[in-house]
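The values are calculated or read from the model by the stated rules, or taken from the named source; none is laboratory data. Bear in mind the structure is a predicted one, so any value in this text is a computation, not a measurement. As a convention, Cβ positions derive from the backbone with ideal geometry for all residues, glycine included, and neighbour counts pool all protein chains shown.
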Amino acid sequence: MRTPRLRTAAAAVSVAILGLTACAAPAEPGPAAPAGSSEQFPVTIEHVLGTTTIPKKPERVATVNWANHEVPLALGVVPVGMAAANFGDDDGDGVLPWVEEKLNQLGAGTPVLFDETDGIDFEAVADTNPDVILAAYSGLTKEAYETLSEIAPVVAFPEAPWATPWREMIELNSQALGMAEQGRALVSDLERQMADAVARKPQLRGKSTMFLTHVDATDLSEVSFYTSHDTRSLFFGDLGLATPGSIERASAETDQFSRTISAERADTFADVDIIVTYGGEELSNLLRQDPLLSQIPAVANGSIVSLPGSSPVGTAANPTPLAISWVLDDYVSMLADAADKKR
């Protein structure tokens, strides 16, 4: 039995990180475009790895890498295959709870799950016989893109690996389905939900927030953090939070989604009000006890949001089309609690 949802009860953190292949029978593909879709084909999409043309409306949709399957599902299209969840999978079935809920709403079984523990399973993708492969949010290499393109047209990321904002993920993937109009409507609906959630927590407005990542509890001599190029940092802006000047300056020096500096430079982050990170209360305590990291105002105040990386809420910080609605109120509440803490 799955642990109760955070929105209805206190979440129990149960660990099953690696996505496992589900036992359910593969789902039949859903309709490629429900009534009302008027996109004309062929559709051509430009991305960082080239130009992709989808000659006709796809009937069999496959997705690879994180969360791309959430776009067709949100628009009523069931993929023939998708990547198994390898993070935040609380019951080990390879399907995150918001995806499971959507499949149930659509009356569909679990699609074929691609095990990407060791990279993309090209043979498994090919076996689903797709008409298009969606990967607008991904880390595809040129080689992987070319191999997938031998199977079907591939929609890759627009600029940098693992840096496609959720709006662009929806825009590109929905365009490939011939459902650009429905994609825009989905974006508008999610924006409305976020605006409503933030309006209920006015203390968040303008609070400067950073995301610590890959914190080694046994060695706090370095500080790793997501830059403003990463989707987790970009999500802060959607929630009324501000990017600290320290993060903006560090981000301007790189095109990477994360950076690492010595803890001796912790005073760099004197302008940080809230810290979000993966871990539990034990990690928060270690940060507060560290003589260098405790110089950061957010650490000194205890204004830390610790996300359990092994449960679904651990994915809250990385916004995706179906996850946003599922975790929004809980994530905003956690941020608001952190904002309320004072020295």
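Here are some notes:
- Strands (runs of 3 or more DSSP E) (entirely within the range 201-266) containing at least 1 residues that are under 16 Å from the mean Cα position of the chain (by Cα), within 26 Å of Leu286 (Cβ to Cβ) and not hydrophobic (A, V, I, L, M, F, W, C): 222-226, 258-262
- Filtered residues of the range 108-167 (kept if surrounded by 18 or more Cβ atoms within 10 Å (Cβ to Cβ), touching a Leu at 6+ places or on another chain (Cβ under 8 Å) and small (Gly, Ala, Ser)): Ala135, Ala136, Ala156
- Here Val272 meets the list (1) over 15 Å from Arg232 (Cα atoms); (2) part of a helix (DSSP H, G or I); (3) of a type in the set (A, V, I, L, M, F, W, C); (4) in contact with a strand residue (DSSP E or B) (Cβ under 7 Å, 6 or more places away or on another chain) almost entirely, failing just condition (2).
- Total residues in the range 296-324 satisfying the condition of being modelled with pLDDT under 90, surrounded by fewer than 19 Cβ atoms within 10 Å (Cβ to Cβ) and out of contact with any strand residue (DSSP E or B) (no Cβ under 6 Å at 6 or more places or on another chain): the figure is 1.
One line per residue, one yes/no per condition, for (1) buried (at least 20 other Cβ atoms within 10 Å of the Cβ); (2) of a type in the set (Val, Ile, Thr):
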{"position": "Gly206", "(1), (2)": "no, no"}
{"position": "Gly240", "(1), (2)": "yes, no"}
{"position": "Thr243", "(1), (2)": "no, yes"}
{"position": "Ala263", "(1), (2)": "no, no"}
{"position": "Thr277", "(1), (2)": "yes, yes"}
